[in-house]
Amino acid sequence: MSESLFSLVRVAVNRPLFQTFTYKVPHRDNDLLKGRRIKVNFAGSEQIGIILEDITDKCGSDEETLSKVKSGELLDNTPILDDDILKMVTFGSSYYHYPIGQCLWTALPKILRDGGVYAYEAIPGLELIADSDSSCAKLRSPEQREIIEVLKAGPVRRKILRERGFSSQSENALIKKGLVRKINLEQPQQHWQDNLAHLRNELPPDPNDEQQQAIDTIAAKKGFGVFLLNGITGSGKTEVYLRVIEQVLRGGKAVLVLVPEIALTPQTFSRFYRRFNVPVASVHSQLSDRERLDAYLDMAKGSAAILIGTRTALFTPIPNLGLIVLDEEHDSSFKQSDGFRYHARSLALIRAQQIGCPVILGSATPSLESIANVQKGNFIQLKLTLRAGGAKRPDFNIIDLRHEPVTDGLKAGISRTLEDKIGEETAKGNQVLLFLNRRGFSHHLLCHQCGHVFCCPNCDTVLTVHHADGRLHCHICENSFPIPGQCPVCKSGELDESGFGTEQVEQFLTRRYPDTGLERIDRDNVTNKVQLEKHLEKIRNGQSQILLGTQMIAKGHDFPNVTLVGILDVDSGLFSDDFRSLELTAQLLTQVAGRAGRALKNGTVYLQTHYPDNLLINQITDPACSYDDISTTLLESRRKLKLPPYYHQAFLLSNSTDRKKAHYLLTELLTAIRPLMREYPDVTATPVLSDKIEKRHSRYHFHVLLSSSSRQSLSSVLDGIILLLKNMSLKGDVRFAVEVDPLSSSPG
Ligand code: ADP
Ligand code: ZN
Ligand code: ZN
């Protein structure tokens, strides 16, 4: 250790720069500097940076060296990012070719990015007032009674009550009645590890043989290992997670559970709250900045034992991390689609490797990437083939739309056959789930006289007709326009609507079956969790018998009384030019079908199609053909066509309000990289191509697809491209980005 009063540190700042910068800070003995925030003067302005490394010993700290560096001011007394996260983010920066400072900024809660204090403030909670027993007994509202039951175990944060599905109105009513009071729950209670004797809140079911084998295999693995828990819907994957989590908690270690945003329902939370007597923290899109930082602190300081969250939760410091679970691992929401375009699954493996803990990837429909990793021996596959509780796989039936009469229903998306089945099933008191991944009333508006189609002025796409607000909507830029009375080209007033969306299906069915009750769930009428819960509750309590929705209903929810599932439009997924669309369609259909007959009742799935001979449709409906068989077929063709997961891909992306300039940047770049490409003959590049929808949000989008059998070569070429770009100035408002491991064959 030097005698100097200063330390030299390497700092990353939030700028689009790949290099790091050296500053000096007042020296404090042996305090760890790595992972703390530092306020520095950077290019004339004040910036917050993250210390990546203490380089005092490497560079020396003599007067001369020190006099050349600017000094910075430490913002934290302790690191706010742990070593494993710094290593994971540093890896991510080089793997995804995105500037390290900007990667770190993606990782941090907003309050910390903005220089806020790394500490709790008062956290609002509720506490039961003693001696209120007799008044509680008189409560008429079931929700208020339930809140009282929860509070009997001790004070609870209001955020947690909300996640469990309670409304703030009920809480406030209880405060008014003098039964509960607001308190500050800032101080974490005792260490959860001290209470392990009472870890279980409820007695779990006995695992079946398959589950037991999965649990034992995972438990036997000491250190890093990746397990693909491949189990059909309802086979008890979550139960396996809970069992393994229990063992990890008993060892005094904490657990990270990553789920898609859409799956973070009160049911998901309550499963964890109900099972374990430990504090659970959460990270998702509906938290305030303050709540997000509180969850971060809960984990970093070890006061919570389990973190459940969406992809950004991966960046939360967890000093004692013993297990990472990634549920619905095939879900595309684990990939960030702008800025730092990371995939949480890829980075989670890096983090687990750093600390030497197991990872469980769970899915009923694993990604082809993960299946290929099983084949390569990188992941261990554990299969669950039986439905817990004995429910059977649903029967599949194809409705050949070519032979259906053209009825009003058919025009609105419901064939006569399906219409009748819906009637029969609901008459028996059962429930029906209808899936259509298209919102709005009609797909587009067309002039009967001249064929003019109404398109978005900002995007290359048709406008969807919405009757609810009487407007035409762009589903890309979200702009909307009044429904016009006449054609702007030929002035004809004869405008026809064409194609159906959820709004139209709803209108048809509520007229056809006025007494069954219908809940429609799509982004137009469900914009938050409270609304979603309201609709789902009506299905759960049987008030409504028909559930109609987009992919918002495909996952995460259990509907035990659903005996009929209708897939209204499979065809749109079959003929896309994206090589991933068959995989996505197979996953989506399998997931939706998994909603049927989950309890004792058997389910039937009807698929409406004009292409009953299509291979994928036949595989999905064939009782002898499983998702695994379908994925084997798909993987075979990926290998032949030199596509992922056997080949590695990356996009070079450009966009601008000036079409020429956006195109020119990539043309120029392709010319500039010719010598580089000669060094790496195993990397191929396409010419400059328009994105599938070239104009979006009034900007023109182009891309080049790079592809290689060698990830190393591809990465080296991308490094070279980043270097070249440093010397090419971006003209006008041209933007450039690299996307590694893209999830579609054309961006946008
Ligand atoms: P998945 O996550 O695979 O969809 P879950 O873990 O949610 O499956 O299990 C489906 C249902 O079966 C749940 O209600 C769960 O409590 C129940 N269950 C799971 N495993 C068992 C078991 N071994 N015995 C009895 N019930 C079980
Ligand atoms: Zn016209
Ligand atoms: Zn638009």
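Ignoring everything but the protein chains, give the 1.4 Å probe accessible area of R523 in square angstrom, nearest 10.
Result for R523: roughly 130 Å² accessible.
Under a 1.4 angstrom probe, counting protein chains only, how are H448, H27, H703 ranked by accessible area, largest first?
The residues order as H448, H27, H703, largest area first.
Just going by the charge dipole of the chain, with Lys and Arg at +1 and Asp and Glu at -1 on Cβ, which of V180, L509, S332 is farthest out on the positive end?
Value: V180.
Evaluate region 124-184: find the radius of gyration of its Cα atoms, find its Kirkwood radius, and give the ratio Rg to Rh.
Result for region 124-184 is an Rg/Rh of 0.91.
Pairwise over distinct Cα atoms, reciprocal of the mean inverse distance: report the Kirkwood radius of region 581-715 in Å, one decimal place.
After inverting the pairwise mean of 1/r, the radius is 18.4 Å.
Is the C-alpha gyration tensor of region 192-388 telling us rounded, prolate or oblate? Criteria: a/c under 1.5 is rounded; beyond that, a/b larger than b/c is prolate, otherwise oblate.
rounded
Please state the shape class of region 63-213: rounded when a/c is under 1.5, otherwise prolate if a/b exceeds b/c and oblate if not, all from the C-alpha gyration tensor.
prolate
Taking 0.36 nm per residue of separation and subtracting the Cα-Cα distance, what length does fully extending E121 through D338 add?
Computed gain between E121 and D338 is 74.9 nm.
Taking amide hydrogens as modeled 1.01 Å from N in the peptide plane, which residues meet the under 5 Å criterion relative to L229, leaving out close sequence neighbours?
Sorted by chain and number, the residues that satisfy this are L361, G362, S363, L382.
Is any residue of region 296-319 close enough, with backbone N under 14 Å, to a label point placed 7 angstrom from the Cα of N195 along the Cα-Cβ axis, and if so, which?
303-306
Can you give me the Rg/Rh ratio for region 3-113, using Cα atoms for both radii and the Kirkwood formula for Rh?
0.95
Just to confirm my numbers, what's the Cα centroid distance between region 556-588 and region 660-710 in Å?
That distance is 32 Å.
Suppose each label sits 7 Å from its Cα in the direction of the beta carbon; what would the D682-N541 distance come out to in nanometres?
6.2 nm
For region 264-328 and region 525-552, write down the distance between their C-alpha centroids in whole Å.
25 Å
Let me check against my output: what whole-number percent is the relative contact order of the chain, with C-alpha pairs under 8 Å and at least 6 apart?
Reported as a whole number, the value is 10 percent.
So which GluC sites (Glu not before Pro) in region 187-283 end up in coil per DSSP with only 14 or fewer other C-beta atoms within 10 Å?
When the GluC sites (Glu not before Pro) of region 187-283 are filtered for loop state and at most 14 Cβ neighbours within 10 Å, E202 remain.
Per residue of the chain, what 222 nm ellipticity follows from adding -39500 (n - 2.57) for every DSSP H run with n ≥ 4, rounded to the nearest 500?
Roughly -9500 deg cm²/dmol at 222 nm, from the helical runs in the chain.
Based on the Kirkwood radius over alpha-carbon pairs, what value in µm²/s does the Stokes-Einstein equation return for the translational diffusion coefficient of region 94-141 at 10 °C and 1.306 mPa s?
101 µm²/s
Give me a comma-separated list of calculated 3J(HN,Hα) values for region 508-513, in order, Karplus coefficients 6.51, -1.76, 1.60 applied at θ = phi - 60°, integers in Hz, x for any Gly or Pro.
4, 5, 5, 6, 6, 10
With +1 on each Lys and Arg Cβ and -1 on each Asp and Glu Cβ, and nothing else charged, work out how big the dipole of the chain is about its Cα centre, in Debye to the nearest 20.
So the magnitude is around 560 debye.
Show the residues, 5+ positions off or on another chain, whose built amide H is closer than 5 Å to the amide H of S235.
Close amide H contacts, sequence-distant or interchain: A388.
Scan region 13-88 for chymotrypsin sites (Phe, Trp or Tyr not before Pro) in coil per DSSP, keeping those whose Cβ has at most 15 other Cβ atoms within 10 Å, and list them by number.
Values: sites: F18, F21, Y23, F42; in loops: F18.
Answer in residue order: no site qualifies.
Across all directions of projection, what mean area in square nanometres is found for the Cα convex hull of region 140-231?
9.8 nm²
Can you list the residues, at least 5 places off or on another chain, whose amide H is less than 5 Å from the amide H of V325, using H built in the peptide plane?
So V325 has HN proximity to L256, V257, L258, I360.
Might you report the magnitude of the Cβ-based charge dipole of region 124-184 about its Cα centre, with Lys and Arg at +1 and Asp and Glu at -1, to the nearest 20 debye?
Using only the charged Cβ atoms, the result is roughly 200 debye.
Can you tell me the FRET efficiency between S94 and R674 if r is taken as the Cβ-Cβ distance and R0 is 25 Å, rounded to the nearest 0.05?
0.55
Taking a quarter of the surface of the Cα convex hull of the chain, what do you get in nm²?
37.4 nm²
Given the options G302, A313, L615, identify the residue whose Cα lies farthest towards the positive end of the charge dipole of the chain (+1 on Cβ of Lys, Arg; -1 on Cβ of Asp, Glu).
G302
Measure off 7 Å from each Cα along the Cα-to-Cβ vector at D733 and L574, then give the distance between these two points in nanometres to one decimal.
About 4.2 nm, to one decimal.
Give me the accessible area of Y118, 1.4 Å probe, in Å² rounded to the nearest 10.
Counting only protein heavy atoms, the figure is 30 Å².
Using a cut-off of 12 Å between beta-carbons, work out the net charge of the residues near N479 (Lys and Arg +1, Asp and Glu -1, N479 not included).
Net charge around N479: +1.
How much length is gained if the chain between K601 and T527 is pulled fully straight, taking 0.36 nm per residue apart and subtracting their Cα-Cα distance, in nm to one decimal? Intermediate values should be presented prior to the final figure.
Working: separation 74, 0.36 × 74 = 26.64 nm, distance 3.16 nm.
Going from the current span to full extension adds 23.5 nm.
Using only the Cα atoms of region 329-472, what are the Rg and Dmax in Å?
23.1, 68
Fully extended, how many nm does the chain gain between D83 and R402 (0.36 nm per residue separation, minus their Cα-Cα distance)? Provide the component values of the computation, followed by the final result.
Values: separation 319, 0.36 × 319 = 114.84 nm, distance 6.09 nm.
Result for the pair: 108.8 nm of gain on full extension.
Just the Cα atoms of region 180-229: what Rg and Dmax do they give in Å?
Reported Rg and Dmax, both Å: 17.8, 47.
Tally the DSSP beta bridges in the chain and give the antiparallel ones as a percent, rounded to 5.
55 percent
Over region 3-113, average the accessible area per residue using a 1.4 Å probe and give it in Å², no decimals.
Details: 5120 Å² over 111 residues.
Here the per-residue accessible area is 46 Å².
Determine the shape class of region 513-617: with a ≥ b ≥ c the square roots of the Cα gyration tensor eigenvalues, call it rounded for a/c under 1.5, and otherwise prolate if a/b is greater than b/c, oblate otherwise.
Prolate is the answer for region 513-617, as a/c is 1.5 or above and a/b outweighs b/c.
Tell me which of P644, S654, L669 sits at the most positive position along the dipole axis of region 629-669, charges placed on C-beta atoms (Lys, Arg +1; Asp, Glu -1).
Positive-end residue among those listed: L669.
Compute the convex hull volume of the Cα atoms of region 443-494, divide it by the residue count, and report the result per residue in Å³ as a whole number.
Each residue corresponds to 75 Å³ of Cα convex hull volume.
Evaluate the Debye formula for region 648-740 with equal point scatterers sitting on the alpha carbons, no solvent, and hand back log10 of I(q)/I(0) at q = 0.12, 0.19, 0.24 Å⁻¹, in q order, two decimals.
Reported log10 I(q)/I(0), two decimals: -0.34, -0.83, -1.23.
If I take every Cα pair under 8 Å that is 6 or more residues apart in region 443-494, average their sequence separation and divide by the length, what percent do I get for the relative contact order?
Result for region 443-494 is 30 percent.
Where does each of 739-746, 308-315 land if you order them by average Cβ count within 10 Å, highest first?
308-315, 739-746
Cα-based Rg (one decimal) and Dmax (whole number) for region 262-323, in Å?
11.1, 28
Expressed as cubic angstrom per residue, what is the convex hull volume of the alpha carbon set of region 299-398?
Per residue, the Cα convex hull of region 299-398 comes to 154 Å³.
Taking θ = phi - 60°, what integer Hz values does the Karplus form 6.51 cos²θ - 1.76 cosθ + 1.60 yield along region 422-432, in sequence order, with x for Gly and Pro?
For region 422-432, the Karplus-derived couplings read 4, x, 4, 5, 5, 5, 7, x, 8, 10, 10 Hz, x marking Gly and Pro.
Given +1 on the Cβ of Lys and Arg, -1 on the Cβ of Asp and Glu, and no further charges, what dipole in debye does region 648-740 carry about its Cα centre, rounded to the nearest 20? Mind dumping the intermediate values first?
Numbers: 13 positive and 9 negative charges, 67 e Å.
Around 320 debye, computed over region 648-740.
Starting from the Cα of K392, step 7 Å along the direction of its Cβ; do the same at R181; then give the gap between the two resulting points in nm.
6.0 nm
The values are calculated or read from the model by the stated rules, or taken from the named source; none is laboratory data. Being a predicted model, the structure only gives us computed values, none of them experimental. Neighbour counts run over all protein chains shown; Cβ positions are idealised from the backbone, glycine included. Accessible surface areas use protein heavy atoms only, side chains included; no ligands, DNA or RNA. Shrake-Rupley method; radii C 1.70, N 1.55, O 1.52, S 1.80 Å.
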